[in-house]
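A short reminder: the numbers here are calculations on the coordinates, not readings from a lab. The structure displayed is predicted, hence computed values, not measured ones. Every residue, glycine as well, gets a Cβ built from its backbone with ideal geometry; the counts of neighbours run over all protein chains shown.
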Amino acid sequence: MSMIGNFRTTSDADIDALLAKPKRIELMLYGEYLAGKSNKGDIFSFFKKKREEPADNWKPAEPGAEFDIDKAWHGIHFLLTGSAWEGNGPGTFIVAGGTEIGDIDVGYGPARAFKSKEVHEIAERLRSIDKKSLEDRCDKKAFIENEIYPEIWDEAPEDCFGYLLEYFEMLKQFMFKAAEEKKALIVYIN
């Protein structure tokens with residue numbers, strides 16, 4: 001099973017609505033409420049006699065643009081921060097930061113929300129990073145030692161790092177457009 005990094009634009013008003021009733025995130029991302037879903041395969045959820053009641057009849061104000069960076073999410077985070085899971089500021093947005101949308105598991109943990117002002121800050125941070133500076137950080141040994149997903153770094157590293165850099169460039173363009181359009185952002189792994 002793969003872990004895919006996902007990004008979806010939305011409005012600040014939709015973020016407020018999601019934070020007010022976090023169960024709505026299931027409807028926004030998957031088009032339905034996922035009653036009884038458990039990330040641990042809890043057998044007791046299988047035997048529930050009644051579906052959980054939906055959060056309400058809310059619908060997002062706009063569909064939003066979607067983009068995923070496949071399995072490159074962890075490697076890009078590592079290139080941006082030098083850390084497997086930590087970091088400071090807008091460069092950490094792939095695995096940290098923003099506001100968790102409740103404790104609703106949308107694949108691999110909760111989704112995180114970034115308001116349009118934060119999206120602008122992230123885009124400005126990304127604007128200051130060029131491909132060459134990231135290439136200089138591509139160190140096979142560091143990726144292996146830090147167990148950076150998807151742990152392919154001992155196979156043809158040039159190809160692996162090319163994969164990360166290609167997705168980084170596409171992510172930058174997605175974030176620039178989101179900032180230009182004053183969009184908010186939802187980030188999640190599924």
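How do I94, I122, I152 line up, fewest other C-beta atoms within 10 Å first? Present the calculation step by step, with values, prior to reporting the outcome.
On the way: I94 24, I122 27, I152 16.
Ordered from fewest to most neighbouring Cβ atoms within 10 Å, I94, I122, I152 come out as I152, I94, I122.
Projecting each Cα onto the charge dipole of the chain (Lys/Arg +1, Asp/Glu -1 at the beta carbon, about the Cα centre), which of T10, N146, T81 comes out farthest on the positive side?
So the residue furthest toward the plus end is T10.
What distance in nm separates the simple spin-label points at E100 and E145, each placed 7 Å from Cα in the Cβ direction?
Placing both labels 7 Å along Cα→Cβ, they lie 3.0 nm apart.
Where in the chain is the longest stretch that carries no GluC sites (Glu not before Pro) classed as loop by DSSP and with at most 16 other Cβ atoms within 10 Å? Provide the component values of the computation, followed by the final result.
Details: sites that count: E32, E52, E86, E147, E151, E155, E181.
So the longest stretch without any such site is 87-146.
As a quick test, which of the pairs K21/K59; K117/K177; K21/K177; K115/K183; K23/K59; K71/K172 have an alpha carbon distance above 18 angstrom in this structure?
In this structure, K21/K177 lie more than 18 Å apart at Cα.
Working from Cα positions, state the angle (0 to 90°, nearest 10) between the long axis of helix 116-127 and the longest principal axis of the chain.
The angle comes out at about 20 degrees.
Angle check, please: helix 157-180 long axis (alpha carbons) against the longest principal axis of the chain (alpha carbons), in degrees 0 to 90, nearest 10.
Compared with the principal axis, the helix lies near 60 degrees.
Give me the dipole magnitude in Debye, nearest 20, for the chain about the Cα centre, with unit charges on the beta carbon: positive for Lys and Arg, negative for Asp and Glu. Write down the numbers at each step before the final one.
Values: 26 positive and 35 negative charges, 151 e Å.
So the dipole magnitude of the chain works out to roughly 720 debye.
When a/c is below 1.5 the answer is rounded, else prolate if a/b is larger than b/c, else oblate, so apply that to the stretch 105-190 with a ≥ b ≥ c taken from the square roots of the Cα gyration tensor eigenvalues. Before the final figure, lay out the partial values.
Numbers: a/c = 2.68, a/b = 1.47, b/c = 1.83.
Judged from the Cα gyration tensor, the stretch 105-190 comes out oblate (a/c at least 1.5, b/c at or above a/b).
Which translational diffusion coefficient, to the nearest whole µm²/s, is obtained for the chain from the Stokes-Einstein equation, given a Kirkwood hydrodynamic radius over C-alpha pairs, 4 °C and 1.567 mPa s? Numbers along the way, then the final one.
On the way: Rh = 17.6 Å.
Rounded to a whole number, D works out at 74 µm²/s.
What do you get for chymotrypsin sites (Phe, Trp or Tyr not before Pro) in the stretch 90-190 restricted to DSSP loop and a cutoff of at most 16 other Cβ within 10 Å of the site's Cβ?
On the way: sites: F93, Y108, F114, F143, W153, F161, Y163, Y167, F168, F174, F176, Y188; in loops: F93, Y108, W153.
The qualifying sites are Y108.
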